[in-house]
Amino acid sequence: MFRFLHTKWVFPFLLGTLLISAGVWAAAWRAALKPLAEQASSELALASDQLTRHLFRYRELAVVLAEHPVLKRRLSDTNAEAADQLLQSMADMTGAHQLLLIDRDGQVLAASHRTATKLDPSSPLIHRALTGALGADARFQAQVKDTTRRVFSFAAPVLNKEGQGQGVVIARTDLLDFEENWPSTAAALFFTLNGARVFAANRLDLVNVARPTARFLNSSVSSWTGYEVWQLEAGPYLPDRALHLTRRLPVVGLSGEILLDTTPAERSAALLAAIAAAICLGIGGLLLAVGERRRALNERLRIEAAANARLEARVAERTTALSEANQDLQRENRERREAEAALKKAQDDLVQAGKLSALGQMSAGISHELNQPLMAIRSFSENATLFLERGQEEQAGQNLTRISELAHRMGRIVKNLRAFARNENEPMGKVDLGHVVSTAIELTEPRLKSDGITLDWMPPPQPIYAKAGEVRLSQVFVNLINNAADAMLDQDDRQIHIAINKGKKLSVTVRDTGPGIEDPDRIFEPFFSTKQVGDEGMGLGLSISYGLVQSFGGDIRGRNCENGAMFTVELPHWEDTE
């Protein structure tokens, strides 16, 4: 098999491939011409029927007018005006080129358009009509612009009561009217008169010329496929190669012919021939590749056999070297494990140092967050002592109750701060947003009064429920109120406005009349603070608030407004289905 692919067989193989490809092309070409011939036959039959129906309209018009009483009276009297008006109106309505009424001597008695006064009564068209039969005639007339006018005429006899011809009605149609309304088609269609001259066509360059086979230069006809295929050189509007079919129209004395472009069939045949050639070449290339691979494999086996002999001689030499290398690797592996253990211990020490640093930072934050509740406890305790000295035990008991509530709240604040530091989340639930804001205001109210700060806050008339943690959310608003108060210490006008806004997400705005935010992009960073060294605050309040709001599924933003700064806390609505 592989000897077949030797170099001396390459040319015969290529020749065989060429012959197979040519055979496939010929078969595909004949097969592709069959549907083209069916399409061409269908288009030619349709065009022939359209032309025949168009012409027969005027034959029927001539027959109908031959029975019209106005035209019959015109044969016996001299009143031509009524007959002329009739023929002119019928020509306008039907699109006829010309309508005529003549007597037996050929004298024109009435006409739709101006014409000769007398016609030859011995012409076949008129003579046949005078004998009582219908006549038809196709002829070329004088040039109209660049196109010779092609007129088809029908003649119908005007019979008297005895059935003898008294005159003739002639209906003429210009084929140009039919061509202008010819349905568009890709094929070249034309009708020849007596098989010698084109009488109607859908290509203007075919009109008024001799039969195409005599007109086309360098044309040739191929019929080996069983079909007549023309090779043309006839300008840009006709194909270079076309399928030719003919259809006789004996009723009107014309022959219909069609030229259909065979380019699609040629492309299909060429594609199939190319595929056949590619398959043959692919099979040959595959056999060649298999043979070359077999030869290369044999050569490789010979080379490998020689190499194996040399390798066996070197195995013993390499064994000793490998044993020594193995010992070196074991020693390096032991040293690497010791280094990894030392690295892990150093990493653990760094982690522990990071934990201690975070613990110190949270201690500073706790002192900042508990400062206000401690001041409130101290104020309530002093007031309780005064109430006891005055014997007002009920008011003293109320202060002690508030001290207990604040102490309990301080415990929860410490718990929440510790949970935040450990990245722990308190279970969220249904929280009345107005109540939470009122609680935060209550915690900060003593400080606001002492600093002379006016608070603008109107609790909502109905509960507005959000999804959050009550204690942690209260701490957020405490931080925002305290920050707003700190920012206005150097201001004469000290006001804080708090409002709840309903929407797709609930939002609470805390706005002050301070100097604004110095660096809005860094306000939520841990330990970032604009306060002077020695002032209270570690820069953790907004950072902690940011983390708490994020844990609720909300968002917090800060920006400068027209007079001061405004913080917006967005929270999700509480859904009753949750």
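Each value in this text was obtained by applying a stated rule to the coordinates, not by laboratory testing. Just so we're clear, the structure is a prediction, and the values are computed from it rather than from any experiment. Here the Cβ positions follow ideal geometry from the backbone for every residue, glycine too, while neighbour counts run over all protein chains shown.
Remarks
- Residues whose placed amide H lies under 5 Å from that of residue 97, excluding near-sequence neighbours: 172, 173, 174
- Two-site label geometry, residue 249 and residue 82: point separation in nm, points 7 Å out along Cα→Cβ: 3.8 nm
- Between residue 562 and residue 20, the contour length at 0.36 nm per residue exceeds the Cα-Cα span by 186.2 nm.
- The residue 316 and residue 338 beta-carbon pair, evaluated with R₀ = 35 Å, returns a calculated FRET efficiency of approximately 0.50.
- On the beta carbon distance between residue 162 and residue 56, with R0 = 22 Å, the FRET formula returns roughly 0.15.
- With both labels modelled 7 Å from their Cα along Cα-to-Cβ, the residue 228 to residue 296 distance reads 5.9 nm.
- Calculated from backbone phi, Karplus (6.51, -1.76, 1.60) coupling profile of segment 59-70 in Hz, x at Gly/Pro: 5, 5, 4, 4, 5, 5, 5, 5, 9, 6, x, 5
- Contact order relative to length of segment 239-339, as percent, for alpha carbon pairs under 8 angstrom and 6 or more apart: 14 percent
- Protection proxy ranking for 168-178, 305-315, 565-575, 384-394, using the average of other Cβ atoms within 10 Å per residue and placing the highest first: 168-178, 565-575, 384-394, 305-315.
- Extension gain (nm, one decimal) between residue 180 and residue 400, 0.36 nm per residue minus Cα-Cα: 68.2 nm
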